[in-house]
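*Asks:* Below is one structure. I have some questions about it.
FYI, it's all coordinate maths here, none of it is from the lab. Just so we're clear, the structure is a prediction, and the values are computed from it rather than from any experiment. For neighbour counting, all protein chains shown are included, and Cβ atoms are generated from backbone atoms with ideal geometry for every residue, glycine included.
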Amino acid sequence: MTRYIFSLLFIMLCGFSSLALPTDNADDCKAPELICKAAANQDRSLYVRDRCRYEQKIRVERFKIKNGKEQFEEIRETTVDVQPAVQIDKTGQTPVNVRVIADTDKQGNPKGKVGADDKTLLSFGAVWDLAFFPLLPEKVNLYNYQELVADRKNERWYSFKPKPEITDRPLASGVVMLDPQTGEILTIKIDSLHNLSVLDKNAGKLKSFQATIDYSQFEGALRVPTLASGGGVSDIPRFGGNFRFNFSEGKYRTVAKID
């Protein structure tokens with residue numbers, strides 16, 4: 001994998017990762033032309049995003065299904081601050097730090113004191129970035145694509161699914177909705193994540209995941225994930241059971257050099 005992704009392996013459970021590096025293999029794209037444009041945009045968008053300071057907020061409801069009815073377990077709302085570290089780490093990379101700045105208890109009541117390094121669902125950066133940036137250049141040739149009839153005018157829709165033989169790379173499947181001229185991603189609907197155990201044994205305990213992600217334009221052409229909602233089923237310790245979520249991201253400020 002040529003990218004040192006914002007997503008991570010074991011490090012994702014510790015609440016930080018490293019800056020994404022731009023890739024230069026867009027010319028090798030074998031996907032439909034518009035998908036190739038989308039991949040180049042995702043690549044640049046992630047590169048710039050990882051050089052910004054921004055906020056992420058998430059509301060998570062956890063519940064069990066008993067006798068066909070939902071049984072409440074937890075409502076938690078968390079806000080984190082994400083930004084690149086000031087110094088490089090021992091590997092020569094620049095970590096991206098995730099710091100909790102607001103949190104609630106399991107009843108959704110604000111905590112008077114929060115721990116910056118507390119584990120939340122936003123700590124699992126690898127899973128989120130796999131959903132938010134599934135069509136990066138190093139992954140784009142690993143999918144099969146089929147153009148669909150778009151439900152909205154002035155958009156083109158493609159389904160994407162991992163090729164059956166790809167079992168050693170974490171990938172997503174779903175539908176991507178594109179600007180028909182630029183290939184900018186407007187919305188992605190994720191219906192499943194695949195091969196998560198390659199990331200980490202805990203990531204592999206995410207049994208199902210679905211999300212609808214809306215992207216907003218940033219710096220004139222880039223597309224960043226600003227709103228998302230969805231749910232799934234997890235056996236991850238401390239985050240087990242059925243869950244649904246609402247996510248937002250914003251307040252971008254460039255804090256690192258962008259080439």
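*Asks:* Express the Stokes-Einstein translational diffusion coefficient of the range 130-172 in µm² s⁻¹, to the nearest whole number, given a Kirkwood radius over alpha-carbon pairs, 20 °C and a viscosity of 1.002 mPa s.
*Replies:* Taking Rh from Cα pairs, D becomes 186 µm²/s.
*Asks:* Output the Cα-based Rg and Dmax of the chain in Å, rounding Rg to one decimal and Dmax to a whole number.
*Replies:* Here Rg and the maximum Cα pair distance are 17.9, 56 Å.
*Asks:* Under the Karplus relation 6.51 cos²θ - 1.76 cosθ + 1.60, θ = phi - 60°, what is the ordered set of whole-Hz ³J(HN,Hα) values for the range 145-161, x standing for Gly and Pro?
*Replies:* Result, rounded to whole Hz: 10, 9, 6, 10, 6, 6, 7, 10, 5, 6, 9, 10, 10, 9, 7, 9, 9.
*Asks:* Another one. Which of the peptides 101-114, 121-134 is most tightly packed, and how do the rest follow, going by the mean number of other Cβ atoms within 10 Å of each residue?
*Replies:* Top of the packing list down: 121-134, 101-114.
*Asks:* Karplus couplings for the range 29-34 from phi (6.51 cos²θ - 1.76 cosθ + 1.60, θ = phi - 60°), rounded to Hz, Gly and Pro as x?
*Replies:* So the J values, rounded to whole Hz, are 5, 9, 7, x, 3, 5.
*Asks:* Select from the range 161-255 those trypsin sites (Lys or Arg not before Pro) which occupy a DSSP coil region and have at most 15 other Cβ atoms within 10 Å, ordered by residue number.
*Replies:* Sites meeting the loop and neighbour criteria: Lys201, Arg238.
*Asks:* Also: Give me a comma-separated list of calculated 3J(HN,Hα) values for the range 230-245, in order, Karplus coefficients 6.51, -1.76, 1.60 applied at θ = phi - 60°, integers in Hz, x for any Gly or Pro.
*Replies:* Coupling constants for the range 230-245: x, x, x, 9, 9, 10, 5, x, 6, 10, x, x, 6, 8, 9, 9 Hz.
*Asks:* Arranged by the count of other C-beta atoms within 10 angstrom, fewest first, what order do Ile75, Ile88 take?
*Replies:* On the way: Ile75 16, Ile88 13.
Least crowded to most crowded, the residues run Ile88, Ile75.
*Asks:* Taking 35 Å as R0, compute the FRET efficiency from the Cβ-Cβ separation of Asp117 and Lys153 and round it to 0.05.
*Replies:* For Asp117 and Lys153, the calculated efficiency is 0.15.
*Asks:* Ok, one more. Taking H placed 1.01 Å from N in the peptide plane, check which residues at least 5 places from Thr254 or on another chain put their amide H under 5 Å from its amide H.
*Replies:* Amide H neighbours of Thr254, under 5 Å, 5+ apart: Arg53.
*Asks:* Under a cut-off of 29 Å between alpha-carbon atoms, report the lysines in cross-link reach of Lys30, not counting same-chain residues fewer than 8 places apart.
*Replies:* The qualifying lysines are Lys139, Lys153, Lys161, Lys163, Lys189.
*Asks:* Hey, which lysines would be in cross-link range of Lys119, C-alpha to C-alpha under 21 Å, not counting anything within fewer than 8 residues on its own chain?
*Replies:* Qualifying lysines at Cα under 21 Å: Lys57, Lys106, Lys111, Lys201, Lys205, Lys207.
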